[in-house]
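The values are calculated or read from the model by the stated rules, or taken from the named source; none is laboratory data. The structure presented is a predicted model; accordingly, all values stated were derived computationally and were not measured. Counting neighbours? That spans all protein chains shown, and the Cβs are built from the backbone with ideal geometry, glycine included.
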Amino acid sequence: MLSIENLSVTYRENLALAPTSLEIPAGRIVGIIGPNGAGKSTLIKAVLGLVSSTGTARFHGEPIASQLRRLAYVPQRTAVDWDYPATVWDVAMMGRTAHLGWLRWPTRQDRDLVYESLRRVGMESFQHRQIGELSGGQQQRVFIARALAQQADLLFFDEPFVGVDQTTEAIIFEIFGQLRDGGKTLLVVNHDLGEAINHYDDILLLRNSVVAYGPRSEVFNAHNLALAYGGGAVAREIAESTKIQPTR
Amino acid sequence: MNPADFWNLIVEPLQLPFMQRALISALLVGTICAVTGSYLIVRRLSLLGDAVSRAVMPGLAIAFLLGANIFVGAFIAGVLSTVLIGAIHTRSKIKEDTAMGLVFSAFFAVGIILITKIQSETKVDLMHFLFGNILGVTEADLITTALISGVVMVTIAALYKELLFHSFDPLGAKAAGLPTQALHLVLMSLIALTIVASMQSVGVVLVIALMVGPGAAALLLTRRLHAMMLLAVAIAAVSSVVGLYLSYYLDLASGPAVVVVTSTFFVLSLLFSPGQGLLTNRQKSGAARITTPLESQATLPGS
C-alpha cells in the first residue's frame, strides 16, 4: 500500500502538482495519464524524493525515504547518456548496487539474479554489448532488467513506451502482468492513450491535481478525459482513438 | 644508431636525480589525472574540472601567507569553488556554464593578485603554479604527490560501483537510495586533490588536458568504464615518459611536452579507433548512432 498525503510540488512559484492524496493498494498496475505538463513525472519524482515537495509519501506505513531498497525507478530513457562506457550487463548489475552495500562486490547470487533479469526481457544474449549499440526498445528493456534485479515491491516507470518497438512493448506489458500477479505495485507514466490503456488495472488522470482515480472501466470515460484534456480537439481525438462515446 | 647508443639515450636522463623525481611524479600524476578525468568525461564535467583547476590559486596563496600547507589551501579553494558553482546555478536563473565562468575567473584573478604580491617579497614564482615545474620537484613534493595519489586511487577502488551507478544515472542512483550528494562531493574532492597534486608538474593551466586527454582517447577504444580507466592510465604513463624525454633532448617545456603527446594519442584514437574512428568507420552497422559532421552535412536538403 502506497499512501500519498497532501503531496505538492512548486517549481519557481509555479504549482506543478497541487496537494494530492492517494491510496494505492498492492497488486495493481496504475497508469498515470494526463496532458503535457500535467505533473505526471513530477508526481512520481516527488514520491521518490527526487524533487523537493511538501507532504508525505508512505509505503506500508513507513516513510518512503526509509523504504528505498524496496522500490525501483525507471527514468525516461532520454534522461541518461547511452554513449556511457558500460555494457548491458553493467547497467543491469547497477540494480544490485544499493543492496550489496559499501565495499562489497557482486556474489554468485547477484550474478544469477542479473542474468535471470536480462533473460526475462530477452536481452541475455546482448550482455556484452555496449549500451549505445542497442536500439531504443532494447535500451528500455535493459532499464527494465535493472529494475527487476532490484527485486522491488513498488515500481515506478516514467514513459517506458516512448520510442520502443512493438516487441519491446509486448515484453514490458507481459512483465508488468507478472509483477502485478506477484503482488507488486506498479506506477506507470504514459502519455500514449491508444490500445495500451487496456493493460492498466487502474487509471490516475492528472492535470496538476487528481482529475480522477480508480479502476479503468470507471475512470476512463469521455467526461473525465474532457476534464483532464479540456473539451476541445484533443479530448475528441482521444475519445475517437480509444472508442469512447463523446459526451453530448 | 646502434642499440648501445639507443640504450644510452634512454638511460642517460635516468641517472640524474631530478629526472628520476620528475618521471615518478609524472607517472603518479598521469595515473590519477587519467582516472578522475574519466569521471569528468562520462559526467560531462570537463569544464568544471578546468574551472576547479584555476580556482585553487587563491587557496594556495592564502595558505602560503598564513604559513599553512599550500596543498591544503588549494584543496579547500577547489572544493569551495564547486560548492559555489552548484549554489549559484541551483538557486538562481544563472546556468551552470555561466556560474563556472564567473566563479573560476574571479577565484583565478584573486589568486593572481595575491601571488604577484607574495612574489615580490619572496621567491615564490607564479609561473611555476601556472605551468608547472616538474624538473624542480623535491623529495618532499614527491611524497605529497604519492600520498595524494594513494588516497585518490583507494577511494575510487572502494566506491567504484557506487560512482559507476551515480555517474551513469544520477536520478536512478538517488531513487535506489545511494547518497548521491555525498558521492558528488567525494568526486569533486577527488578532482580537487588530483589538481592539487598536479600543480607542481603540469601547472593549473594545462592540467585539464592530462585529465581529459587520455580518458577521451580511451573512451573511443573501450566499452566499459574500468577498461577506459586502465587504458587511460596506460596512455597517460606513456605520454609522461615520452613527453619528458622529448623535453630533455629537445629542451622543451616539460609539462606542455607531456600534454602535446597526450593530445597526439587522442587524435590518433579519434582517427583510427577500430570501431569508431573517423577514418576507419565509413559504414557503421547496427543502430545509427554516430554521425560525423561531414555525414550530417551530406544529408542536408539541397547539398
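The set of residues from region A:66-87 being in a strand (DSSP E or B) and more than 11 Å from chain B (Cβ to nearest Cβ) is empty.
Among the residues of region A:8-31, those that are under 17 Å from A:Ala212 (Cβ atoms) and either in contact with a helix residue (DSSP H, G or I) (Cβ under 6 Å, 6 or more places away or on another chain) or in a strand (DSSP E or B) (or both) comprise A:Leu17, A:Ala18, A:Pro19, A:Thr20, A:Ser21, A:Leu22, A:Glu23, A:Ile24, A:Ile29, A:Val30, A:Gly31.
Can you confirm whether region B:238-261 contains a residue that is within 14 Å of another protein chain (Cβ to nearest Cβ), surrounded by fewer than 24 Cβ atoms within 10 Å (Cβ to Cβ) and farther than 17 Å from B:Ala34 by Cβ? For region B:238-261, residues within 14 Å of another protein chain (Cβ to nearest Cβ), surrounded by fewer than 24 Cβ atoms within 10 Å (Cβ to Cβ) and farther than 17 Å from B:Ala34 by Cβ: absent. Residues considered: B:Leu183, B:Leu246, B:Leu230, B:Leu171. Of these, the only one that is closer than 27 Å to B:Ala55 by Cα and not in a loop (DSSP other than H, G, I, E, B) is B:Leu183.
Considering (1) modelled with pLDDT of 95 or more; (2) assigned to a helix (DSSP H, G or I); (3) surrounded by 21 or more Cβ atoms within 10 Å (Cβ to Cβ), the lone condition that A:Phe173 does not fulfil carries the number (3).
May I ask you to say which residue of B:Ala63, B:Ala99, B:Ala157 is small (Gly, Ala, Ser), touching a Gly at 6+ places or on another chain (Cβ under 7 Å) and in a helix (DSSP H, G or I)?
Details: B:Ala99 fails: touching a Gly at 6+ places or on another chain (Cβ under 7 Å); B:Ala157 fails: touching a Gly at 6+ places or on another chain (Cβ under 7 Å).
None of the other options fit; the residue is B:Ala63.
Here A:Ile131 clears all of (1) touching a residue at least 40 places away in the same chain (Cβ under 8 Å); (2) within 16 Å of the chain's Cα centre (by Cα) except the condition numbered (2). Of the listed requirements (1) polar (S, T, N, Q); (2) without any contact (Cβ under 8 Å) to a residue 12 or more places away in the chain; (3) more than 9 Å from every other protein chain (Cβ to nearest Cβ), A:Thr97 misses just one: (3). Scanning region A:39-65 for residues that are away from every other protein chain (no Cβ under 12 Å), of a type in the set (A, V, I, L, M, F, W, C) and touching a helix residue (DSSP H, G or I) at 6+ places or on another chain (Cβ under 7 Å) yields a count of 2.
Checking A:Ser53, A:Ser8, A:Ser66 one by one, the residue that is loosely packed, with under 14 Cβ neighbours inside 10 Å and out of contact with any Cys (no Cβ under 9 Å at 6 or more places or on another chain) is A:Ser66 and no other.
Residues of region B:113-125 that are assigned to a loop (DSSP other than H, G, I, E, B) and surrounded by 16 or more Cβ atoms within 10 Å (Cβ to Cβ): B:Val124 alone. Scanning region A:70-104 for residues that are more than 29 Å from A:Gly163 (Cα to Cα) and not hydrophobic (A, V, I, L, M, F, W, C) turns up A:His99, A:Gly101, A:Arg104.
Condition check: modelled with pLDDT under 95 and hydroxyl-bearing (Ser, Thr, Tyr). Does B:Ser38 satisfy that?
On the way: modelled with pLDDT under 95: no; hydroxyl-bearing (Ser, Thr, Tyr): yes.
Spelling it out, it is not the case that B:Ser38 is modelled with pLDDT under 95 and hydroxyl-bearing (Ser, Thr, Tyr).
Quick check on region A:108-150: of everything there that is polar (S, T, N, Q) and within 14 Å of another protein chain (Cβ to nearest Cβ), which residue is surrounded by the fewest Cβ atoms within 10 Å (Cβ to Cβ)? Among residues in region A:108-150 that are polar (S, T, N, Q) and within 14 Å of another protein chain (Cβ to nearest Cβ), the one surrounded by the fewest Cβ atoms within 10 Å (Cβ to Cβ) is A:Ser135. What do you reckon, is A:Ile29 touching a Ser or Thr at 6+ places or on another chain (Cβ under 9 Å), within 24 Å of A:Gly137 (Cβ to Cβ), in contact (Cβ under 8 Å) with a residue 24 or more places away in the chain and away from chain B (no Cβ under 14 Å)? Judged against the criteria, A:Ile29 is a match.
The single condition among (1) within 14 Å of chain B (Cβ to nearest Cβ); (2) buried (at least 22 other Cβ atoms within 10 Å of the Cβ) that A:Leu17 does not satisfy is (1). Candidates A:Gly122, A:Gly137: the one that is at pLDDT 95 or above and not in a helix (DSSP H, G or I) is A:Gly122. Counting residues in region B:126-139 that are of a type in the set (Asp, Glu), under 22 Å from B:Pro17 (Cβ atoms) and surrounded by 14 or more Cβ atoms within 10 Å (Cβ to Cβ) gives zero. Considering each residue of region B:186-195 in turn, none proves to be out of contact with any helix residue (DSSP H, G or I) (no Cβ under 7 Å at 6 or more places or on another chain), under 29 Å from A:Glu133 (Cβ atoms) and away from chain A (no Cβ under 14 Å).
The requirement of being within 25 Å of A:Trp89 (Cβ to Cβ) and not in a strand (DSSP E or B) is fulfilled nowhere in region A:185-204; no residue meets it. Of the residues making up region B:249-281, those that are closer than 18 Å to B:Leu219 by Cα and in a loop (DSSP other than H, G, I, E, B) are B:Ser273, B:Pro274, B:Gly275, B:Gln276, B:Gly277, B:Leu278, B:Leu279, B:Thr280, B:Asn281. Given the condition away from every other protein chain (no Cβ under 14 Å), touching a Leu at 6+ places or on another chain (Cβ under 8 Å), within 21 Å of B:Thr155 (Cβ to Cβ) and of a type in the set (Ser, Thr, Tyr), answer yes or no: does some residue in region B:197-207 qualify? Checked region B:197-207: at least one residue is away from every other protein chain (no Cβ under 14 Å), touching a Leu at 6+ places or on another chain (Cβ under 8 Å), within 21 Å of B:Thr155 (Cβ to Cβ) and of a type in the set (Ser, Thr, Tyr).
Do you know which of the residues in region B:155-182 that are of a type in the set (A, V, I, L, M, F, W, C) and more than 11 Å from every other protein chain (Cβ to nearest Cβ) is surrounded by the fewest Cβ atoms within 10 Å (Cβ to Cβ)?
Within region B:155-182, the subset of a type in the set (A, V, I, L, M, F, W, C) is B:156-159, B:163-165, B:168, B:171, B:173, B:175-176, B:178, B:182.
Then keep just the ones that are more than 11 Å from every other protein chain (Cβ to nearest Cβ); that gives B:156, B:182.
Working: B:Ile156: 19, B:Ala182: 12.
The qualifying residue surrounded by the fewest Cβ atoms within 10 Å (Cβ to Cβ) is B:Ala182.
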